[in-house]
Each structure stands twice: as C-alpha cells, then as structure tokens.
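The values are calculated or read from the model by the stated rules, or taken from the named source; none is laboratory data. Treat the numbers as computed from the prediction; the structure is a model and nothing was measured. Cβ sites come from the backbone with ideal geometry, for glycine too, and all protein chains shown count toward neighbours.
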Amino acid sequence: MNKTLLYTVNFLLLMIFSACSGADYGSKTADSSRPFDRTIQPAEGSLLNLALPVIQNFSLSNGLEVKLVEHHELPVVDIRLVIKSGSFVDPAGKAGTASFTADMLDEGTTTRDAFEIADAKDYVGARLGSGSGWDGSFVTLSTLKKHLDTSMEIFADISLNPTFPTKDMEKIRERRLTRILQRKDQPITLAALAFAELVYGDSHPYGTPTTGTEESIKSITQSDLKNYYSTYYKSNNATLIVVGDVTESEMLPILEKYFGSWESGMIPETMNYDIPEISETAFYLVDKPDAAQSYLYFGHNSISRASENYINSVVMNMILGGQFSARLNLNLREDKGYTYGARSSFSARRSGGSFSARASVKTDVTDSSIVEFLYELRRIRSEHVTLEELEHAKKSIVQRLPSTFETPSQIAGIIGSQLLNDLPDDYYSTYGEKIQAVTMQDVMVTAQKLIDPEHMTLVISGDIAQVKEAIESLNEGNVNIVGEETMPE
Amino acid sequence: MNKKLNATLLFVLISLSTVAVGQISVENEMYKLDNGLTVILHNDSSAPIVTVNIWYHTGSKDEKPGRTGFAHLFEHMLFQGSLNVGDDEHFILIQGVGGSLNGSTNSDRTNYYETTPSNYLEMLLWLESDRMGWLLPAMTEKKLDNQRDVVKNERRQSYENRPYGLAWENIYFKLYPEEHPYHWSTIGSMEDLSAASLDDIKDFFQSYYGPNNASLVIAGDFDSGQAKVWVEKYFGEIPSGPEVVHPNPDMPVLTEEVRFMMEDKVQLPRIYFVWNSVSRFDEDEAALDVLGEVLSSGKNSRFYRAMIYDNPIAQDAAAFQFSREIAGSFEMEITATPETNLSVIEKVVWEEVEKIQNELPTEREMRRAINSIEASFVFGIQSIGRKADRLNSYYTWTGVPDGFEKDLSRFSNVTAEDVQRVANKYLDKNNLIILSVVPEGKPELQASK
C-alpha cells in the first residue's frame with residue numbers, strides 16, 4: 001500500500017490504560033530453555049499505528065457522489081450503491097415496499113430477464129445483492145478485478161433499468177408471503193416482532209417489520225414499487241462507494257459510462273412520528289407450547305445515532321451486555337448456566353432506536369433469569385462500574401477497529417453506515433479519543449438516562465403453561481398474553 | 001532476521017481465457033517443534049492484526065460409547081482457565097484488547113482461534129500454550145457442571161427448539177451404523193452430557209490434546225523471527241502425547257431405501273435426500289461439488305427452474321456434497337410451499353436426477369459453476385482469520401498448508417462428463433435416506449412410496 005495515501009491514528013492514548021501487567025518482554029532471547037515464570041502474563045508489544053482507510057471523494061458529471069478507497073491486497077473490487085431512503089419511508093399501510101423494491105431489481109431490466117441477469121453475473125463469478133434497511137437501500141457487488149467492466153455493466157443495469165415485471169413480481173410476492181408464514185417457526189422472530197409492535201404501536205414505521213406483514217405485502221402493487229423506485233432511486237439521493245484494487249483514474253471513466261447520465265429528482269421530506277408512552281413495566285407472553293427454552297426480549301425505545309449520548313451508550317453497553325465477557329453473559333451463562341448466551345444492544349438508527357437485552361433460557365429457569373436480567377439492568381444504574389470494567393470496555397471497543405477495517409466489503413459497509421447517519425469521512429480518526437474520555441460517572445448517568453427497568457416491555461416467547469405463574473409471582477409487572485390475533489403477521 | 005524468510009502473500013492471476021483459471025498461492029513457512037507441534041507462519045501486513053489458529057486433530061469421531069458430545073463439551077472447558085489463566089480470563093483478556101475469539105468442534109477436528117491487534121501476539125501464545133500444557137490443574141466439578149448446563153442449553157437452542165433442528169441428527173443415526181463414529185451428532189445426547197466426568201476430561205486431554213496432534217497457524221502482521229522464539233518458549237516444553245489412532249471403519253454403504261417421517265413445530269413440509277458418497281479430497285469430490293452447483297445454485301439452476309420458478313412447489317432447494325475425513329454424503333434439502341405434498345417434490349427431484357444422469361450439463365452451466373467456485377477462493381482469503389483456518393485445514397487433511405492452487409485446479413478440471421458420471425455413480429434410486437419433516441398433525445404431507 002502507498003504510505004502517502006494513509007494517515008494514521010496513534011494508539012498511544014489507548015495504551016495508557018492498559019489492563020495488562022507483568023514482565024517487560026524487551027529482553028527477548030533466543031535461548032528458549034531459559035526458565036521463565038508462566039504465571040506472568042506477557043506485556044503487550046510496542047504501540048501500533050492503525051491506518052484508517054483514506055476516502056477519496058469525487059463526483060460524476062451528473063453530480064452523483066463517489067467515495068473511493070484504494071485497497072490493493074487482492075485483485076478484488078467491492079461496490080456499494082447506497083440510496084439514502086429505506087423502509088422508514090414505506091407508504092402508510094404498505095410496509096415492505098422498500099424491501100420489495102430492492103428485491104425486484106434483479107428480476108428484470110429493459111434488456112434482460114431475471115435468468116439473463118443471473119447468468120451474466122454467475123458466468124464471471126460476481127456476487128450481486130440488493131436490499132434495504134430502515135434508513136437506506138443498497139445494491140452491492142463483489143467482483144474479481146479482471147471482470148470489473150462486465151460486472152459493473154450488470155450492476156448498473158439492475159440499479160438503473162429495473163422493470164418490475166408482473167409475472168416475476170407475483171412469484172416474489174408468494175415467496176415473501178411464505179417467509180412471513182415461516183416467522184411463526186422462530187421463537188426469536190416472534191418475540192422481536194411482538195416487541196416492536198408493543199413499543200412503537202402500529203402507526204410508527206418501527207412497529208412493523210421492514211419485510212412487511214401478510215396484509216401489506218398482499219396490498220403492494222406494481223405501481224407502488226415503481227413509485228418507490230422513481231421517487232427515491234435518484235442520483236442526488238445516492239452515493240457510490242468503491243473499495244478495492246482500483247484508483248480514481250481507473251474508476252472514473254467506468255462509473256461515468258454507466259452512472260453518468262442517471263437523473264436527479266425531488267426527494268420528499270421524511271416525516272416524524274410519535275412514540276407511545278410506556279406507563280409501567282409489563283410482561284407479554286407469546287405461547288410456544290412445549291418449547292425447551294424461553295426466549296426473553298426486554299427493552300424499550302431509545303436514542304438515535306445522532307444522539308449526544310451515543311458514545312457513552314457504546315461504552316455502557318459493552319460493560320452490560322455487549323460481548324461474551326460482559327456482565328449479562330458472565331452472570332447468566334458463566335455463573336448460572338441458564339443460557340448459551342445473553343447479550344444487550346442499542347439499535348441506533350437515523351430517526352430513533354431501541355435498547356434490548358436478550359437470551360434463550362431453559363424453560364424451568366425463566367423466572368430466575370428474569371430476576372438476573374433485572375438485577376443487572378438496575379445495578380448499572382445504581383452503582384459505578386469498576387475502573388477495571390471501564391478500561392476493559394474502552395480498550396475492547398477502540399482496539400477492535402483494526403479488525404473492523406480489514407476487508408473491502410467491511411470498509412464499504414462502514415462508509416455506507418457513516419453516510420446514512422451524516423457522519424463525516426474522518427469519523428473514526430477521533431472515535432478513540434471520544435471513547436477514552438468516558439468516565440465511570442458518565443456510564444452511570446447514561447445508564448440512568450437510557451435504561452429504564454421500571455418502564456420496560458418484557459416479551460417472553462415460550463411455553464406459557466410452564467412459566468406464567470412463576471413470572472406473576474415475581475411481582476415485577478402485569479402479565480399479558482399476546483394472542484395470535486394481536487401478533488403481527 | 002532475514003527478510004526473505006518472511007513469507008508474503010503472493011497472488012498471481014494468469015488469464016488462460018476470457019474466463020480465466022486463477023493461480024492462487026498463500027506463502028508460508030512450516031516447521032515442527034521437537035515435541036511434534038506443527039507451526040505454520042504466514043505474513044500479511046495489510047492490516048495491523050494477527051491471528052492465532054490452532055487445530056487439534058480430534059472431534060466427535062474419537063468419542064467413546066456413552067460419551068457422545070464430549071469433544072465439544074471439552075472444547076468449552078478450554079475456555080474455563082488453565083494453571084496460570086483464571087476462569088473466563090481467556091475471553092476477558094482477548095476481548096479486553098479488542099480481540100475476537102472462539103472455537104468449534106466437528107466430527108474430525110477442533111479449532112481455537114483469536115484475532116487481536118498484532119502487538120498482542122505473545123499474550124495469545126501464552127494463553128494457547130497454557131491450556132495445551134496445563135489445563136488439568138484448573139479443572140473442577142463446578143466448572144464442568146456449569147459448562148454442561150451451557151452446552152445443554154446450546155443443544156436446546158440450536159437443535160431442539162429450532163425448526164427442523166433434529167432432522168440431520170436423525171438422518172445420520174440411519175445413514176451410519178451404530179458402530180460408525182459419524183452415527184452420532186457432535187452436540188451429543190443429554191444423557192451422555194450428564195454422564196461426562198472429570199476423569200473423562202483427563203483421559204481426553206491426555207489422549208488427544210498433545211502438541212503432536214495439533215497444528216498452530218500464526219497469520220497476519222508480525223515478525224517471523226520473533227514469533228519462532230516465542231513459539232519455542234511457550235510451547236517447546238509441553239511434552240508429546242501418545243500417538244493418536246483414529247477410528248477408521250470402512251465407508252458405510254446403504255443397501256436399501258430408508259424412508260421415514262418426523263413431525264415438527266413448523267409451517268412448511270421439508271424433504272431430505274441423502275446418499276453415501278465420498279470423503280474429503282476423494283477424486284470424485286470436486287465433481288460432486290459442481291453437481292450440487294448445477295442442480296441448485298442460482299436462478300439458472302435446475303431446481304430453481306423446476307421447483308421454484310416454473311412450477312412453484314418449493315420455497316427453497318439445495319443440493320450439496322458434505323465431505324468428512326473418513327466418509328461423506330451427497331445431500332438435498334428442499335422446503336415445500338405451504339400444504340404441498342412432499343410426494344410432488346420427490347417426483348420432480350427424480351426427474352431432475354434422471355435428466356442429469358442421462359444428458360450432459362451444458363458448457364454454460366459448467367462455466368457458471370466453476371467460475372463461481374473459483375471466485376469464492378479469492379473472496380475467501382480476504383480476512384486473515386479465514387485464511388489461517390484454510391491453511392490449517394489443508395495441512396490437517398493433506399499435509400500441505402498452501403493447498404489453494406491444487407484445490408482450485410481440481411475444480412477447473414471437472415468436465416461435464418465427470419458431473420454426469422458422479423450423478424450416475426452416487427445418486428442411486430434404491431439406496432438412500434428420504435426424510436419427510438411435516439407440520440405437527442399433517443402426516444399426510446409426507447413423501448410416501
């Protein structure tokens with residue numbers, strides 16, 4: 001890699017708080033027979049410089065913005081077209097429109113049918129994908145560099161010339177409806193859907209899954225898809241991200257050829273929605289008779305990605321339930337053996353978000369597991385975390401960065417997410433310092449602000465006959481049953 | 001240290017035609033310690049991270065009767081501390097420096113791997129060597145009971161409480177006779193997990209976890225000279241274990257059709273077809289992989305056209321070769337659309353099988369399949385974690401870590417005639433397992449003879 005293209009972030013700050021101790025490995029010796037003390041953990045090696053990807057910005061003649069990162073390790077190129085609109089702007093009553101639209105892109109274009117598209121990309125071994133999230137829609141391509149031009153042509157064709165053919169649309173609709181039916185097989189999905197509906201209600205987009213409901217998918221017409229596409233898939237509402245074994249001068253003519261005449265358009269403003277107040281903590285049971293485990297999904301509405309509390313929330317959650325060595329897992333798995341794993345997370349989106357804590361636990365310890373969850377959620381609000389926990393979490397977050405920027409598709413994904421959340425290109429160059437500035441007091445105050453066990457929605461999918469009484473006797477909240485008829489389909 | 005000893009990733013693509021065959025090489029340095037530990041070093045300085053990946057050549061195949069699931073339970077115990085490493089400290093130390101780590105067990109091998117910023121390499125070697133050499137002093141009944149509960153919850157979560165979660169376990173009960181080590185699943189039975197004792201831990205550790213039964217890959221941004229000094233320092237004094245002998249019964253062969261049915265809490269019926277085929281790196285393996293691609297990969301595959309698009313009777317359809325060390329199987333897993341009788345699916349499957357047995361796949365089908373497999377070789381070495389695991393895999397099964405090019409050439413050389421030949425040789429209409437999994441209370445949806 002060309003060093004002049006890289007700027008570096010010094011890890012010095014991070015190392016000051018090293019949790020490691022012990023001998024100086026500086027006295028290296030080739031004499032391996034020399035006795036040494038195995039009880040002493042080796043110290044870390046010398047400080048590292050992380051070269052963050054350098055983003056080169058340029059635009060095409062139609063104004064379409066391009067973000068390019070050179071990555072010359074392998075002759076591979078990853079391209080990601082990011083449309084800055086996703087499921088959040090699905091029309092009312094038509095949940096699933098953005099996702100259905102993205103799903104249909106490779107089902108037919110003005111010059112190719114679905115089989116010709118698949119044949120062309122498989123023939124060069126390219127990987128082509130499309131999809132949508134709450135805040136964006138995506139078309140992705142991974143290709144060997146030697147097939148870049150062929151692959152780009154197909155990628156541009158499905159991005160710019162989709163026709164949403166009726167016959168293929170009906171087939172995709174059937175498959176999507178069947179997948180919706182299959183949600184009933186998955187206790188985790190059932191709990192997550194019930195949670196979203198209970199927390200956000202049915203008038204807020206977050207209350208309904210991005211893939212839609214049986215009713216909404218049945219109601220979506222071809223013109224709904226065409227409308228969504230022609231409203232949001234516009235050059236001024238999109239960015240192309242290119243990461244791989246290429247340079248700006250190589251890419252510019254190719255991108256210009258395929259994307260240079262893509263039109264712009266007027267993008268409607270995004271609406272705001274109210275979120276229902278949760279007056280008190282309550283349990284909601286989803287019945288899965290004879291289930292061997294109960295799936296617990298606890299939480300509430302929470303911050304958006306732009307929140308000033310975001311950085312504090314990352315550190316606090318890392319201590320609470322962000323990884324294996326966090327409190328929830330060490331308690332429920334490694335100490336009690338109730339589960340194969342317990343975690344918590346914030347899902348911080350552009351227009352809001354949620355906090356949740358989750359685990360699959362053995363049916364007969366459902367009540368005991370609830371007690372432990374609530375204990376940990378309350379403890380992090382009422383007591384300072386230890387200095388050791390705090391430093392463990394911070395180091396864990398910051399030093400993970402080199403691994404998260406390893407491959408072209410990882411880098412393209414991170415840039416895409418920065419883009420949808422209005423974060424600057426150099427966001428990660430100051431991220432470490434911000435994480436390091438979080439104090440024990442910040443963690444406790446943030447927990448008090450962002451975790452509220454007394455106004456929480458506690459969804460449990462499991463065998464109601466075996467768990468209901470025990471949950472009631474905890475006296476932690478009313479116990480409701482979520483029936484089939486109130487379940488999102 | 002001589003820079004020339006520092007292996008580097010070398011990647012050369014030579015175009016032989018418009019759809020080229022690649023040439024791919026992952027340079028490495030391999031040597032053995034006196035105690036038999038194989039060490040493989042691969043330098044890749046494209047990111048400031050390092051991976052340590054250890055394979056122990058043991059898995060559920062080596063389990064004793066009455067102790068199914070033990071190799072995997074044992075893997076869990078390796079995260080519970082060793083003489084100089086506290087309970088859970090392995091996870092805490094590695095995650096505490098931003099690292100990621102895990103382990104996994106299958107029938108033939110158990111792997112342990114961690115990736116951290118590269119300035120923690122010495123700590124990783126200290127941690128791995130401590131559990132390779134000094135695990136037993138840290139083992140207690142309490143830790144064993146705790147992980148027994150965790151693994152039982154893993155069985156509940158990933159098998160019993162998962163839709164179709166018990167299908168494969170029941171298929172292998174029937175595909176392999178009771179005395180064959182692939183008869184039982186890696187997760188094991190609840191009773192056998194309950195029976196596992198500290199004595200079993202001691203026996204298994206002494207039999208299978210010696211350095212002579214392991215290979216250590218270090219990959220990433222590190223200095224090879226320094227790494228060799230550390231490897232000798234931390235692993236050199238661990239004594240060799242006994243020579244390991246793995247069970248190696250004859251390749252089992254079904255001599256009849258075995259058809260059965262299970263009811264499950266699922267919405268859609270699903271059907272499985274399983275034939276005895278070949279073990280890993282057998283000369284027919286690559287052709288069987290391509291057969292699976294032609295039948296079920298992508299929209300132009302035979303199954304997509306026949307069952308999902310033209311006449312939509314299936315929600316998804318997959319066909320693939322599953323190779324293990326001493327045996328393998330060719331498998332199909334097809335989920336029907338709601339209320340579709342699985343006999344309807346079966347009929348189409350046999351039509352497609354006969355078609356590929358009687359007519360050569362087209363040149364275009366062959367190129368699509370082979371080019372997709374070739375591209376996946378390149379995509380598959382983008383992360384050092386996956387690359388390290390591949391090096392260990394090639395070493396364990398073939399003795400040569402850099403097996404990429406040789407492996408790839410197997411696929412490049414597969415012909416349409418090979419695909420037709422293996423379809424005839426292995427997809428025998430009379431000797432196979434057919435399992436129908438149907439929604440509870442709907443046995444009429446099963447595929448009946």
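Side notes on the structure shown:
- Unmet criterion (only one of (1) more than 9 Å from every other protein chain (Cβ to nearest Cβ); (2) within 25 Å of the chain's Cα centre (by Cα); (3) modelled with pLDDT of 95 or more) for B:K64: (3)
- Residue selected from region A:380-420 under the condition polar (S, T, N, Q) and not in a loop (DSSP other than H, G, I, E, B), by the criterion farthest from the other protein chains (Cβ to nearest Cβ): A:S382
- Single residue of region B:83-101 satisfying the filter (over 23 Å from B:G385 (Cβ atoms) and in contact (Cβ under 8 Å) with a residue 40 or more places away in the chain) that is surrounded by the most Cβ atoms within 10 Å (Cβ to Cβ): B:N84
- Residue match in region A:237-245 (condition: of a type outside the set (S, T, N, Q) and on the phi > 0 side of the Ramachandran plot): yes
- Of the residues making up region A:38-74, those that are within 30 Å of B:F377 (Cα to Cα), acidic (D, E) and at the interface with another protein chain (Cβ under 7 Å from one of its Cβ atoms) number 1.
- Every residue from region B:181-224 that is farther than 24 Å from B:E128 by Cα, surrounded by fewer than 18 Cβ atoms within 10 Å (Cβ to Cβ) and of a type in the set (A, V, I, L, M): B:M190, B:A195
- Any hit, region B:117-131, residues being away from chain A (no Cβ under 11 Å), of a type outside the set (V, I, T) and farther than 13 Å from B:M77 by Cβ: yes
- Among the residues making up region B:109-139, those that are of a type outside the set (G, A, S), assigned to a helix (DSSP H, G or I) and over 23 Å from B:D44 (Cα atoms) are B:D130, B:R131, B:M132, B:L136, B:P137.
- Residue match in region B:236-251 (condition: polar (S, T, N, Q) and within 30 Å of B:A318 (Cα to Cα)): yes
- Of the criteria (1) within 14 Å of another protein chain (Cβ to nearest Cβ); (2) among the aliphatic types (A, V, I, L, M); (3) assigned to a strand (DSSP E or B); (4) under 19 Å from B:F411 (Cα atoms), which one B:A319 fails: (1)
- Of the helices (runs of 4 or more DSSP H) contained entirely in region B:338-424, those carrying at least 2 residues that are more than 14 Å from every other protein chain (Cβ to nearest Cβ) and not basic (K, R) fall at B:342-358, B:384-398, B:404-412.
- Verdict on A:T239 being farther than 22 Å from A:T101 by Cβ and either touching a strand residue (DSSP E or B) at 6+ places or on another chain (Cβ under 9 Å) or within 14 Å of another protein chain (Cβ to nearest Cβ) (or both): no
- Test result for B:F173, among the aromatic types (F, W, Y) and either modelled with pLDDT under 95 or closer than 25 Å to B:K265 by Cα (or both): yes
- Condition met for B:N248 (away from chain A (no Cβ under 11 Å), within 20 Å of the chain's Cα centre (by Cα) and surrounded by fewer than 16 Cβ atoms within 10 Å (Cβ to Cβ)): yes
- Within region B:193-212, tally of residues that are out of contact with any Pro (no Cβ under 9 Å at 6 or more places or on another chain), part of a helix (DSSP H, G or I) and touching a residue at least 40 places away in the same chain (Cβ under 8 Å): 10
- Flag for A:R305 being within 14 Å of another protein chain (Cβ to nearest Cβ), among the charged types (D, E, K, R) and either touching a Ser or Thr at 6+ places or on another chain (Cβ under 8 Å) or in contact (Cβ under 8 Å) with a residue 60 or more places away in the chain (or both): no
- Residue check for B:Y309: within 14 Å of another protein chain (Cβ to nearest Cβ) and closer than 30 Å to B:F204 by Cβ: no
- Scanning region A:246-261 for residues that are buried (at least 17 other Cβ atoms within 10 Å of the Cβ), more than 14 Å from chain B (Cβ to nearest Cβ) and in contact with a Gly (Cβ under 7 Å, 6 or more places away or on another chain) turns up nothing.
- Of A:E376, A:E372, A:E334, all but one fail to be under 30 Å from B:I187 (Cβ atoms), out of contact with any Ser or Thr (no Cβ under 6 Å at 6 or more places or on another chain), within 11 Å of chain B (Cβ to nearest Cβ) and among the acidic types (D, E); the exception is A:E334.
- Subset of region B:260-306 [free of Cβ contacts under 8 Å to residues at least 24 places away in the same chain and surrounded by fewer than 20 Cβ atoms within 10 Å (Cβ to Cβ)]: B:E283, B:K299, B:R305
- Unmet requirement for A:G341, which otherwise passes all of (1) surrounded by fewer than 20 Cβ atoms within 10 Å (Cβ to Cβ); (2) within 12 Å of another protein chain (Cβ to nearest Cβ); (3) assigned to a helix (DSSP H, G or I): (3)
Residues are listed down the side, and each one gets a yes or a no for (1) more than 9 Å from chain A (Cβ to nearest Cβ); (2) part of a loop (DSSP other than H, G, I, E, B):
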site	(1), (2)
B:A71	yes, no
B:F74	yes, no
B:H90	yes, no
B:V97	no, yes
B:S104	yes, no
B:S107	yes, yes
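- Test: B:N392 is in the same structural domain as B:R421 (by TED's automatic domain parsing), over 29 Å from B:V52 (Cα atoms), of a type in the set (S, T, N, Q) and crowded, with 21+ Cβ neighbours inside 10 Å: no
- Residues satisfying the stated conditions in region A:46-74, i.e. assigned to a loop (DSSP other than H, G, I, E, B) and touching a Phe, Trp or Tyr at 6+ places or on another chain (Cβ under 7 Å): A:L47, A:L48, A:P53, A:V54, A:L60, A:N62, A:L64, A:L74
- Contact annotation: residue pairs with Cβ atoms under 9 Å, 6 or more positions apart or on different chains, pairing a residue in region B:143-161 that is at the interface with another protein chain (Cβ under 7 Å from one of its Cβ atoms) with a partner that is polar (S, T, N, Q) and part of a helix (DSSP H, G or I), are B:R156/A:T363.
- Total residues in region A:185-214 satisfying the condition of being crowded, with 16+ Cβ neighbours inside 10 Å and more than 14 Å from chain B (Cβ to nearest Cβ): the figure is 19.
- Failed item, numbered, when B:E178 is tested on (1) crowded, with 16+ Cβ neighbours inside 10 Å; (2) more than 12 Å from chain A (Cβ to nearest Cβ); (3) modelled with pLDDT under 95: (1)
- Scanning region A:347-376 for residues that are part of a helix (DSSP H, G or I) and touching a Leu at 6+ places or on another chain (Cβ under 8 Å) gives A:T366, A:D367, A:S369, A:I370, A:V371, A:E372, A:F373, A:E376.
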